[in-house]
Every structure is written in C-alpha cells, then in structure tokens.
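Below: the structure, in structure tokens.
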Amino acid sequence: MKPVKVGICGLGTVGGGTFNVLKRNAEEIARRAGRGIEVAQIATRHPNSKCDTGSTPITADIFDIVNNPEIDIVVELIGGYTVAKELVLKAIENGKHVVTANKALIAVHGNEIFAKAREKGVIVAFEASVAGGIPVIKAIREGLAGNRINWLAGIINGTGNFILTEMREKGRTFEDVLKEAQELGYAEADPTFDVEGIDAAHKLTILASIAFGIPLQFDKAYTEGIARLTTADVNYAEALGYRIKHLGVARRTEAGIELRVHPTLIPADRLIANVNGVMNAVMVNGDAVGSTLYYGAGAGMEPTASAVVADVVDVTRALTTDPNNRVPHLAFQPDSLSDHPILPITACESAYYLRIQAKDHPGVLAQVATILSERGINIESIMQKEAEVQDGLVPVILVTHRVVEQRIDDAIAALERLDDVVDKVVRIRVEQLN
Ligand code: HSE
C-alpha cells in the first residue's frame, strides 16, 4: 500500500522530535499502522540542528503544506491561536486530517474546529496537547468509556512542577529555574502561561470536556499561578504533612462542574504528591474503575513527539473508516454534549490552608476560631509558631474541613478586619484526593 504522506508545520522542539521519531521508528510504526508513514514536506523558517532532514522538501511557508495535494495528514506544531487556527481551518477545508499539540488552540477554538472537521469528515487529533507523552486523552476517551467520571486532578504543567520541585529540593530561585526550563524547551513561548496557570487551564479545559461530555469552556476556568507561593508556606505545609503542587481539578457536582487550577496542598504520602521535575500525572476517578493514575513526561522533545506520532498512527488506521463511526473528537457524540454549567470559584468546595499573621496577644486564637465557627467552618488542624515570633507577630496556620469557597472568602474578610491580624491572610486550597 502507498505510504501515508505527512506534512509537519514547525520544526521546533516538538516538530523536531516528531520528525526524528517518525524516521527512527519508521519500520516499527509501519508494522503498527499497516502502511508506511512518510514525511513529505516540512514547513520551517529555521533548521533544527537536532534533525537530519536529508532530502525531505522544506518550505518557509506553512500554507504550502495545507495546499500540497500529496499530503494526507497535517501536523500543526507552530503553537499560538491565530495563524495556527487559520492553518488548521484551511487544512480541514482542503480535506486533510490534522494532528496538533496545540492546547491553547483546542481549548479556545476547539468547538469551532471540531464542528468544521465534522462537516468535512476529517479527524483532528490532539493527544499531545495534554500532559506531553502521557496518553491520557486516549485513556479517558476510550479506556474509561464505560465510566461516569466523578473527578480528575492533575499536575499538567511540566515547567511549573519543575520550578516547584527545584525550589523545594534545592532552594533555587524561581527565576533561575524558569530560565533553565526555557533552555530545555519545556516552557511556553510566553512563560507566564506556565507560571500563571494558563497553560494548565487550557489542558484542564480539554480533559474536563472529554471526561464529562461538555463543550470546551476555557473562559470559565478559574486560574491561579505559582508566582506568589512562598518558601514559608512550602515549609509549613510540609510540617502539616502536605506537599504543595500546582493542580488542575475538574469535579462533577449536582450544581455544576468545578474547573479550577491553583496551588494545592496534597497529603505528602499520595503518589501524585511525589511527582517531581518536569513529570506530569493525572488522577481520574470513575464510578466503575475507582481512582486511576497516569504518569510520565509532560513536556520535552521526544515525549511530546511520542503522543504526536501515536495520533498520526491512529489517523492512518482510520483513513478508510466511515467518519460517523469514528471515536468522537470530544469523546461524546457531538449532539449529546451536556449543558451542565461550570461553577464560579465561589461555589466550588475545597478544604483550605490559612496562614494568619497575628499579634502575639491572649485571645487571638479564640477570635479566629469564633469567626470560622460562625460561618460553619470546621478546623481540622491548627499550628501556632511561637518560636517564630518576630516584632510581636506570630504566624497562625490552620487547615479547615471542606467548605464552599464563598464562606472562606467571608471568613478571610472578617479575619483581615481584626485589629490583631496584620497583612493579608494567605489561603491555599487543600485536596485529599481520596
Ligand atoms: N509548557 C508546557 C509545560 C509544555 O511545561 O508543561 C507542554 O505542554
């Protein structure tokens, strides 16, 4: 059978990795796909020193790829929302299948892209858009298809996890580790996407959609980054038996769906609390299977290429199938998506770590306890660091039971009005993940 012809748009970290994996494993891949897979053209403005492209035709114009009649599958690895969207829509219009690693594009414009792809009977595959090399989309969409998914929670930004790990284990500065992550090709072109949680929110939006059968709704995700975390809180969390991780959480409740990304205290003995460096992990809880955990490299040249190439193989196998009988883009049939609403963060429920900087007076703890109990907030543990009294101020650290966020907001406002409390109260959400 004639080989399938692939066009790669972008020969950066992931594009270069994809080219190399397709070339190095060509024989093994052909045995899996049932026919050869050949890179027929590459679009790039800069050569990649890690790729020996040999006689593969190269163009500087990405639109040459989507207009090349030879090409069956367009691999979009340029990133961003604007040109990438134009490119993908043009590829679809030209009847080409698309494989992309672009989480921003899928999270923000996926509904429109999938509608267009259905119209044209083509596949848009996006395994590499979430958690790099971990095949978590396939696991949720296909492997867990018998379940009603209750919740999922994941460390889904490698750069952020790398920064938190290096800060915690080696005491390195935030800026120093971020620079290394950029040099290693982990970070986004705009690294604020990593540290402010936007990249994780893109990925969480995609996971929630395929887990719960809802449209992609990135604009409704709550996003909080890691830039304001302090070493003091990392250490107090440890003393209480927790690790701080930057987590994406999606949970189905009666009232709606929680969709939130934020630093989170996790019990230190959970497997996911011990996921370090650039590694990602996603826990998915289904009613039949219980809790499952998917772990692996969340970024990097060949781990991400692994997911891209798997999609290319999947598309190759499905080329001759009836479009109506393929796995739906978002796991659920497009006319069966649910309109269960996404909850605002004030309606989400979590436990909380609070750090209150209080004057070292008798009765302060009693005032704190009163404010919390008046709002029905139960305290799980409390720690007052007498040894750390400085300028007459003592840090009071407590962890609450689960409560709706609005009540914690009210309690924090009341605490900050107390004469004996100085500074803002630090609040970090806590998840037991059990
Ligand atoms: N910047 C992303 C990360 C790349 O660090 O996880 C992979 O999506």
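Remarks
- Boolean, Leu164 is of a type in the set (A, V, I, L, M), in contact (Cβ under 8 Å) with a residue 12 or more places away in the chain and in a strand (DSSP E or B): no
- Residues within the stretch 177-202 that are of a type outside the set (Ser, Thr, Tyr) and assigned to a helix (DSSP H, G or I), tallied: 15
- Looking only at the stretch 109-144, and only at residues there that are among the aliphatic types (A, V, I, L, M), away from the ligand (no atom under 16 Å from the Cβ) and closer than 27 Å to Ala273 by Cα, the one that is surrounded by the most Cβ atoms within 10 Å (Cβ to Cβ): Ile140
- Single condition Glu166 does not satisfy, out of (1) open to solvent by less than 10 Å² (accessible area, probe 1.4 Å); (2) of a type in the set (Asp, Glu); (3) within 16 Å of the ligand (Cβ to nearest atom); (4) over 25 Å from Ile140 (Cα atoms): (1)
- Answer from Thr264, Thr253, Thr230, Thr223 - the residue that is away from the ligand (no atom under 16 Å from the Cβ) and surrounded by 17 or more Cβ atoms within 10 Å (Cβ to Cβ): Thr264
- Residue within the stretch 272-280 that is away from the ligand (no atom under 16 Å from the Cβ), in contact (Cβ under 8 Å) with a residue 12 or more places away in the chain and either outside the structural domain of Ile8 (by the TED database) or not in a loop (DSSP other than H, G, I, E, B) (or both) present: yes
- Of all residues in the stretch 279-304, those satisfying the criterion of being open to solvent by 20 Å² or more (accessible area, probe 1.4 Å) and within 21 Å of Ala101 (Cβ to Cβ) are Met279, Tyr294, Tyr295, Ala297, Met301, Glu302, Pro303.
- Of all residues assigned to the stretch 177-200, none qualifies as being within 23 Å of Gly290 (Cα to Cα) and within 16 Å of the ligand (Cβ to nearest atom).
- In this structure, Thr321 does satisfy being modelled with pLDDT under 95, away from the ligand (no atom under 16 Å from the Cβ) and outside any strand (DSSP E or B).
- If you go through the stretch 169-185 and keep only what is open to solvent by 30 Å² or more (accessible area, probe 1.4 Å) and of a type in the set (Val, Ile, Thr), you end up with just Thr173.
The values are calculated or read from the model by the stated rules, or taken from the named source; none is laboratory data. Keep in mind that this is a model prediction, so the values were computed, not measured. All Cβ positions, even for glycine, are placed from backbone atoms using ideal geometry, and neighbour counts span all protein chains on display. Calculation scope for accessible area: heavy atoms of the full protein, side chains included, ligands and nucleic acids excluded. Shrake-Rupley method; radii C 1.70, N 1.55, O 1.52, S 1.80 Å.
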